[in-house]
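What follows is a single structure, written as structure tokens, with notes after it.
The values are calculated or read from the model by the stated rules, or taken from the named source; none is laboratory data. Nothing here was measured: the structure is a model prediction, and the numbers come from that model. Virtual Cβ from ideal backbone geometry, glycine too; neighbours counted across all protein chains shown. Calculation scope for accessible area: heavy atoms of the full protein, side chains included, ligands and nucleic acids excluded. Shrake-Rupley method; radii C 1.70, N 1.55, O 1.52, S 1.80 Å.
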Amino acid sequence: MKKALLAACCLVVSACKTTEPAPAQPQTPPTPPAQQQPAEPKPLPSGLDGAALNEQANPCEDFYEFACGNWVKNAEIPADRPRWSRGFDTIAARNEEILRDILVAASEGKAPEGTPYAQKLGDYYGACMDEAQLDAALPVLKTELAKLTAVKNPKELAQVVGTLHARSVFPFFRFGSSTDAKDASQMIGEVDQGGLGLPDRDYYLKDDDKSKALRAAYSEHMKNVFVLLGDKPEQAAANAASVMELETALAKASQTRVERREPKNVYHRLERAGLKTTAPGFPWDVYFTAAGAKDVQALNITHPPFFADMDRLVKTAKPAAWKPYLTWHYVASVIPTLPKSFQDERFRFTSQNLTGAKEDVARWKKCVRFTNGALGEALAQPFITQTFGAEGKKTTLQMVEEIEKSFERNLDTLAWMDKPTREQALVKVRKIMNKIGYPDRWRNYDALKVERGSFLTSYLNAAAFEQARQLAKIGKPVDKIEWGMTPPTVNAYYNPSFNEIVFPAGILQPPFFNREATAAVNFGAMGMVVGHEITHGFDDEGRQYDEIGNLRDWWTPDSDKAFRERVACVKTQYDGFTAIDELKVNGALTLGENVADLGGLKLAHAAMEAWLARDPEAAKQANSYRFTPSQQFFLGYAQSWCSKYREPFARQMAVVDPHSPPYWRVNGPVVNLPAFQQAFQCKEGSKMVRPAAQRCEVW
């Protein structure tokens, strides 16, 4: 893409009114006269999970607990997963089953009719599933390592780094293509910080006990892998220490995740000549030739100080330190293709320190994911045929258009935004390109070579194929038809450089989109996702791009100041939330996602009301159920986020994930929304009612 985000009312659910706009009653109604027979309870609308509800909880005190409490109590995280959710993970598991059936058939020469590249799909998956031949990969890898790591000087180092980068193995830094932030019609090259083995630079630099323990465990993991490669334990430990020293130096030179959220911080169009000036000791001409981009000149250097520090590191580090570092990054990148002992060691480290998973992922699941990564748009076509109908695409597009209109109507209500800025915002939202389901043009995989007898070879070929495809874009016009996710992916995104929102077929399934659900439930679940992605175009990052995707300031000073005041409120609110144990939500890191959640929920609810006002039949259907349409909307939203995390994974996400934990993705926005408080008749003083003076509202 281009990878993301709680006592006054005593509600008795059976007493909720079932028509709009009259809200639910806040208290138990009086007992009906003896001569009256109680009305038959109305059914729960399709799309909502009655078993997930904790009806003993008060929605005005803890809405997440009300919507998801029994689901959280009863759901079991599958042994091979770090988390489980009623939404994303449940759909992803269903999708993987479908993809496996397609790939098994392809590997047996029985692919569904019309499957493109069926032979390559079957051979890639079959090579991955042939675990017996993985042992044969180790001698091949060792031979390759002997050639690639015997470097004695910077020129040889640049040659090897370029060769590895051409295979999508990225020691030291990353290299690829990117839209020019200030000319969104053109693709340029981009070099970016990188070269780390842990998920975030802070893991190398923090002094707390858990960070120290993680570094020790990482060093032990590297040592164990070097032993598996044939090193003596003493030499393996020394190699691990050398890698850790080098990676720590790179971490110190790296920007934080929060710093990288500011678009101007990662745009420096210095060109190849400027890169040579910034890091004159690294043989860049040798590097670019080996990387497959001999003639590249147009370059964005995301963080020049990183490359200056890397240059000093190359000059001062002894060549003996380069071999273990290059070896480690190459081996770590291909562990899925190596003997089981390597995969077991990787699982031991990650499960104990990063994910908490109890079992390794089944081989077939790994192979489905790797094949989707390598040949995703070929695999997607039979998946689309089986799962995604024209009705789903049509309804989703109608929903998207309704919510975009909701955004337009909402602009007129924003007293903090002046007319010139409002007019520009209107231009931008009307220019958003909507992509739904799958691409209009499928990717060509003719040049990708797959070997049924060697997964290592096929895996590296696929990585090199993708890197070459990316580098071939440099110097050419932007291809706005291209997608950044495969259609089976359970996700969605907004791309500021394209000013587009993208909804793959993978996510357009229950509980996000359910053909049997009421419009209110669908607007709460999928509609909020749509509103979230639209709002990303106007969050603290997205608002800096104009309607054609250029990084350009189109805000007046007064509106800019007012916007900053409003997002500061959101940051402060989320800074006060606890992620897990002693770790707080990082309000700065999660700011864009939190603004999108808040705006998306507000926009989707307004769109739902407009939809029902225009469609009496849909309104009648929604009002025939046990909850009011607004209550259905908020429950549909909340239940799509019912989730459970293992403790190590929750801690990792608190550091690296730009999204807030699911609990706060539900309770965080609703405390700011009068529509929620009206729906459930929450009184002032309830935990789900933020005092008016403290309420956060951006869009």
- Message: Not counting ligands, DNA or RNA, and with a 1.4 Å probe, what is Val140's accessible surface area in Å² rounded to the nearest 10?
- Response: 80 Å²
- Taking 0.36 nm per intervening residue step and subtracting the Cα-Cα distance, what contour gain separates Arg409 from Glu234 on full extension? 56.2 nm
- Rank Arg174, Arg690 by accessible area, highest first, at a 1.4 Å probe radius? Arg174, Arg690
- Task: Calculate the all-directions average of the projected area of segment 463-524's alpha-carbon convex hull, and give it in nm².
- Result: 5.7 nm²
- Note to self: C-alpha centroids of segment 513-572 and segment 450-485 sit apart, in Å, by 32 Å
- Note on the structure: Diffing segment 484-497: the Karplus 3J(HN,Hα) column from phi (6.51, -1.76, 1.60, θ = phi - 60°), in whole Hz with x for Gly and Pro, holds x, 9, 6, x, x, 5, 8, 5, 7, 7, 10, 10, x, 5
- Message: What is the percent carbon and sulfur in the accessible area of segment 160-208, measuring with a 1.4 Å probe over the protein chains and ignoring ligands?
- Response: 40 percent
- Note on the structure: Quick tally, 1.4 Å probe accessible area for Met129, Met222, sorted with the most first, runs Met129, Met222
- Task: Express in whole angstrom the spacing between the alpha-carbon centres of segment 622-694 and segment 76-107.
- Result: 26 Å
- Task: Please give, to one decimal in nm, the separation of the simple spin-label points placed at Ala610 and Arg441, each 7 Å out from Cα toward the Cβ.
- Result: 3.3 nm
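Roughly how many percent of the accessible protein surface of segment 109-157 is carbon and sulfur, given a 1.4 Å probe and a whole-percent answer?
Roughly 56 percent, rounded to a whole number.
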- Contour minus Cα-Cα distance for Thr316 and Ala273 (0.36 nm per residue): 13.2 nm
- Rg/Rg_ref, segment 325-473, where Rg_ref = 2.2 N^0.38 Å and atoms are Cα: 1.55
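Determine the alpha carbon to alpha carbon distance for each of Lys212/Lys315; Lys147/Lys252; Lys405/Lys602; Lys428/Lys480; Lys182/Lys473 and list only those over 19 Å.
Over 19 Å Cα-Cα: Lys212/Lys315; Lys147/Lys252.
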- Accessible area of Ser624 in the full protein assembly, 1.4 Å probe (Å², nearest 10): 50 Å²
- Item | Additional length obtainable on full extension of the chain from Asn265 to Ala51, 0.36 nm per residue less Cα span | 72.3 nm
- Query: Any idea of the accessible area per residue across the chain, 1.4 Å probe, to the nearest Å²?
  - Reply: 41 Å²
- Residues Asp295 and Glu617, FRET efficiency given R0 of 51 Å [Cβ-Cβ distance, rounded to 0.05]: 0.25
- Task: Provide the descending list of Cα extents for segment 280-360 along its principal axes, expressed in whole angstroms.
- Result: 47, 28, 24
- Message: Step by step: find N for the chain, compute 2.2 N^0.38 Å, then divide the Cα radius of gyration by it. What's the final number?
- Response: 1.00
- Ordering Arg409, Arg257, Arg665 by how much accessible area each has at a 1.4 Å probe, largest first, what is the list? Arg409, Arg257, Arg665
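Between Thr143 and Glu582, what is the FRET efficiency for a Förster distance of 60 Å, r being their Cβ-Cβ separation, to the nearest 0.05? If you can, show how the numbers build up before the last one.
Numbers: r = 48 Å, r/R0 = 0.80.
Efficiency, from the Cβ-Cβ distance: 0.80.
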- If you roll a 1.4 Å probe over segment 546-699 with all protein chains in place, what percent of the accessible area is carbon or sulfur? 53 percent
- Task: Would you tell me the accessible area of Lys155, worked out with a 1.4 angstrom probe on the heavy atoms of the protein chains, in Å² to the nearest 10?
- Result: 130 Å²
